[in-house]
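See structure below.
The values are calculated or read from the model by the stated rules, or taken from the named source; none is laboratory data. Quick caveat, the model's predicted, so the values are computed rather than measured. FYI the Cβ positions are ideal-geometry reconstructions off the backbone, even for glycines, and counts take in every protein chain you see.
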Amino acid sequence: DSTVAIVSAIGSREKGPYSGSVYIYRYNGSQWIEEAKLTASDGKPGDFFGQSVAVKRNLVIIGAYQAEGNTGKTGAAYLFRFKGNKWIEEAKIYSNDGTPNSYFGFSVALGKDGTAIVGAYGADGKSSKSGAAYTFELIGGEWKQTGKLISPDGETGDKYGYSVAIHKDLAIVGAYHKKVSSNNFGAAYIYKRRGETWKEEVRLTQSAGSKHDYFGISVDIRDAAALIGSSRFDKETLKEVGAVYVFLKSPDGWYESKRIQPHDGNSYDNFGLSVSLDRGKALVGSRLNDSQAEDAGAAYLYDIYEGTADEIEETIPKEFAISQNYPNPYNPATMIR
């Protein structure tokens with residue numbers, strides 16, 4: 001729903017330091033109006049409610065990666081639904097096999113059919129703490145875990161589940177610290193749902209990279225196209241400008257179509273730290289871009305099907321400040337759908 005926007009404030013002290021809160025805004029045709037402020041019904045200090053957010057129509061999912069789960073601070077996610085004229089907390093979900101510091105809820109996404117996917121990059125997968133992603137569906141009026149995705153080559157510290165996205169019967173999970181070779185780190189895994197089971201379709205890696213590019217730090221997917229952020233990729237002599245890779249699917253499988261970097265990128269811009277894909281347009285966040293002020297940030301819009309992924313527009317905040325996210329600097333999330 002393009003009339004609803006979510007803005008998180010994980011540093012909110014509503015229920016104690018870093019308990020977190022989320023603001024819902026609705027567009028009335030001329031301006032954005034605050035509609036609600038959401039907090040977890042059982043929120044506690046240090047939950048980091050709002051670490052990740054996603055919205056589809058009248059449903060919102062909010063990650064709280066240090067909240068109480070099945071045992072200790074495994075992490076949780078909360079689902080809110082718009083009913084009548086207000087947002088109502090519908091469920092709190094967590095993994096059925098969580099362990100402390102699984103970081104369940106660090107990333108979240110919603111499919112058009114209401115399927116939720118939640119990343120837990122500290123969960124046990126193929127190896128201890130290699131990471132996992134979990135799927136949930138509303139069945140018989142209750143939210144139930146329907147799947148656990150892990151990388152078949154998972155190793156401790158891969159950070160698998162740091163980023164997730166879902167579209168129809170496709171899901172993608174990023175593992176930005178996966179060791180691909182001695183000098184190439186980062187991978188993303190695409191899964192296809194067949195019946196009630198998710199099967200790995202492909203593991204994607206970058207064609208050229210280095211140990212600390214963070215390929216897989218962000219992901220998104222739509223039908224036969226996927227975006228993967230590599231926020232510390234160098235640009236010639238400039239360090240850690242960042243990049244985004246476009247992968248497309250042909251009858252022969254997925255292939256790397258192009259690598260996108262900003263025309264005005266500078267060192268440590270973090271271009272690609274966040275990505276979003278819709279109708280062939282890629283929106284890329286550059287959190288520490290200095291176009292208007294130090295670390296003010298910017299967003300770039302591209303057409304991924306143009307031969308060179310031509311930049312359509314650079315968006316910078318009309319109001320900005322140094323250390324833009326103060327006083328909540330810990331990777332806050334914003335989403336418009």
Original post:
When only residues in segment 40-62 that are free of Cβ contacts under 8 Å to residues at least 60 places away in the same chain and more than 17 Å from Ile88 (Cβ to Cβ) count, which is surrounded by the most Cβ atoms within 10 Å (Cβ to Cβ)?
Top reply: Asp47
Subject >> Sole exception among (1) charged (D, E, K, R); (2) over 20 Å from Gln51 (Cβ atoms); (3) touching a strand residue (DSSP E or B) at 6+ places or on another chain (Cβ under 8 Å); (4) surrounded by fewer than 17 Cβ atoms within 10 Å (Cβ to Cβ) for Lys126, by number >> reply: (3)
**OP:** Go through segment 229-246 residue by residue and tally those that are touching a strand residue (DSSP E or B) at 6+ places or on another chain (Cβ under 9 Å), more than 16 Å from Ala298 (Cβ to Cβ) and of a type outside the set (Lys, Arg).
**Re:** 5
Original post:
Which one is surrounded by the fewest Cβ atoms within 10 Å (Cβ to Cβ), of the residues in segment 203-256 that are within 22 Å of Gly285 (Cβ to Cβ) and among the aromatic types (Phe, Trp, Tyr)?
Top reply: Phe247
**OP:** May I ask you to list the residues in segment 223-239 that are part of a loop (DSSP other than H, G, I, E, B) and either more than 20 Å from the chain's Cα centre (by Cα) or modelled with pLDDT under 90 (or both)?
**Re:** Asp234, Glu236, Thr237, Lys239
Subject >> Leading residue by the ranking (nearest to the chain's Cα centre (by Cα)) among those in segment 65-101 that are part of a strand (DSSP E or B) and small (Gly, Ala, Ser) >> reply: Ala77
**OP:** Return the only residue of Gly50, Gly105 being assigned to a strand (DSSP E or B), at pLDDT 95 or above, touching a Pro at 6+ places or on another chain (Cβ under 9 Å) and under 27 Å from Ser276 (Cβ atoms).
**Re:** Gly50
Original post:
touching a strand residue (DSSP E or B) at 6+ places or on another chain (Cβ under 8 Å), at pLDDT 95 or above and assigned to a loop (DSSP other than H, G, I, E, B), is that true of Ala36?
Top reply: no
**OP:** Determine the pairs where a residue that is more than 14 Å from Gly114 (Cα to Cα), located within segment 76-91, has a partner that is assigned to a strand (DSSP E or B) and of a type in the set (Lys, Arg) with Cβ atoms under 7 Å apart, the partner being 6 or more residues away or on another chain.
**Re:** Ala76/Lys92; Ile88/Arg81
**OP:** Give me a count of the residues in segment 148-191 that are in a strand (DSSP E or B) and at positive phi.
**Re:** 2
Original post:
Picking from Gly11, Gly72, Gly20, which residue would you name as being free of Cβ contacts under 8 Å to residues at least 60 places away in the same chain and either polar (S, T, N, Q) or surrounded by fewer than 24 Cβ atoms within 10 Å (Cβ to Cβ) (or both)?
Top reply: Gly72
